[in-house]
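Engineer: Before we start, here is the structure in question, set down as structure tokens.
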Amino acid sequence: MKLTIYGIARSRAIRNLWMAEELGLAYQHVQTVYGPEGSRKPDFLKLNPNGRVPAADVDGVILWESLAINLHLAKKVGGSLSPKDVDEDGLMTMWSMWAVTEVETPALAVLTHGSLKSEAERDNALLAKSIEALKAPLAVLEAHLAAHSGHLVGGRFTVADLNVAACVFYLRLSNLLADKPAITAWYTGAMERPAAKKAFALRGD
């Protein structure tokens, strides 16, 4: 397989770098920053006309959207991270879409306005709203993990776990998981995987 990943590690491209490492794939990583010096350049817009990273070239197929790229790689390569059948495929897609619709946006707001921005720059109303919005989905995730041996699908670590953990990553500086032992154990285990360590080291945190 010929795989090229466009983006920087301190972006959603980290999800694809992690997936490539999990699958043991050789890949080219083209450092592409946000904005006019990268994702808005004419050459990149030919790959992703939305002007966002990441993008990926998988054997000549150009894909956008980090979680969709990972789902595609899982099915193309196969193995334990991949769906065994159409039912698992549906469940892995469901959890990935759930992470985007229920977790990612409020979690990113919690990270931004709870930790990254200065006190003067923070939107405390948005922070409070986002914390409230996360209560129900985090309860759903906690209950599911507790009832399913600490994994989302099939009793093993799959692309679904990777995709959802990559969204929960935005909560790493908050205390919102303090009363969620199943999520904490699952997330810690995901981030301790050798492939995760190798990929996240590229962020330079």
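Taken together, the values in this text are just the output of simple stated rules run on the coordinates, not laboratory data. If you're wondering where the values come from, they're calculated on a predicted model, not measured in any experiment. Using ideal geometry, Cβ is built from the backbone for each residue, glycine included, and neighbour counts are taken over all protein chains shown.
Engineer: Under the Karplus relation 6.51 cos²θ - 1.76 cosθ + 1.60, θ = phi - 60°, what is the ordered set of whole-Hz ³J(HN,Hα) values for the range 177-191, x standing for Gly and Pro?
Structural biologist: 9, 4, 9, 10, x, 5, 5, 4, 5, 5, 5, 4, x, 5, 6
Engineer: So, in nm, how far is label LYS41 from label ASP205 when the simple model puts each one 7 Å beyond its Cα toward the Cβ?
Structural biologist: 2.8 nm
Engineer: Per Stokes-Einstein, at 37 °C and 0.692 mPa s, what whole-number D in µm² s⁻¹ belongs to the range 2-50, with the Kirkwood radius over Cα pairs as the hydrodynamic radius? List each step's numbers first, then the result.
Structural biologist: On the way: Rh = 11.3 Å.
Approximately 291 µm²/s, per Stokes-Einstein.
Engineer: Ok, one more. For the chain, what class follows from the C-alpha gyration tensor (a ≥ b ≥ c being the square roots of its eigenvalues): rounded when a/c is under 1.5, otherwise prolate if a/b is larger than b/c, else oblate?
Structural biologist: On the way: a/c = 1.84, a/b = 1.11, b/c = 1.66.
Note, shape of the chain comes out oblate.
Engineer: How much mean residue ellipticity at 222 nm does the chain get from its helices, if each DSSP H run of length 4 or more adds -39500 (n - 2.57) and you divide by all residues, to the nearest 500 deg cm²/dmol? Walk me through the numbers on the way to the answer.
Structural biologist: Working: 9 runs with 100 residues, N = 205.
Dividing the helical sum by the residues of the chain leaves -15000 deg cm²/dmol.
Engineer: Please report the spacing between the Cα centers of the range 65-105 and the range 119-137 in Å, no decimals.
Structural biologist: After rounding, the separation between the Cα centres reads 28 Å.
Engineer: In whole Hz, what ³J(HN,Hα) sequence does the range 35-44 give by Karplus (6.51, -1.76, 1.60; θ = phi - 60°), x for Gly and Pro?
Structural biologist: Computed from phi, the couplings for the range 35-44 are x, x, 8, x, 5, 9, 5, x, 5, 6 Hz.
Engineer: Can you sort ASP123, ASP59 so the residue with the fewest Cβ neighbours within 10 Å comes first?
Structural biologist: Numbers: ASP123 13, ASP59 8.
Ranking ASP123, ASP59 by Cβ neighbours within 10 Å, fewest first, gives ASP59, ASP123.
Engineer: If you don't mind, another one. Which residue fluctuates the most in the chain, going by a Gaussian network model with Cα springs under 10 Å, if the choices are GLU121, GLU65, GLU22?
Structural biologist: Highest fluctuation of the listed residues: GLU121.
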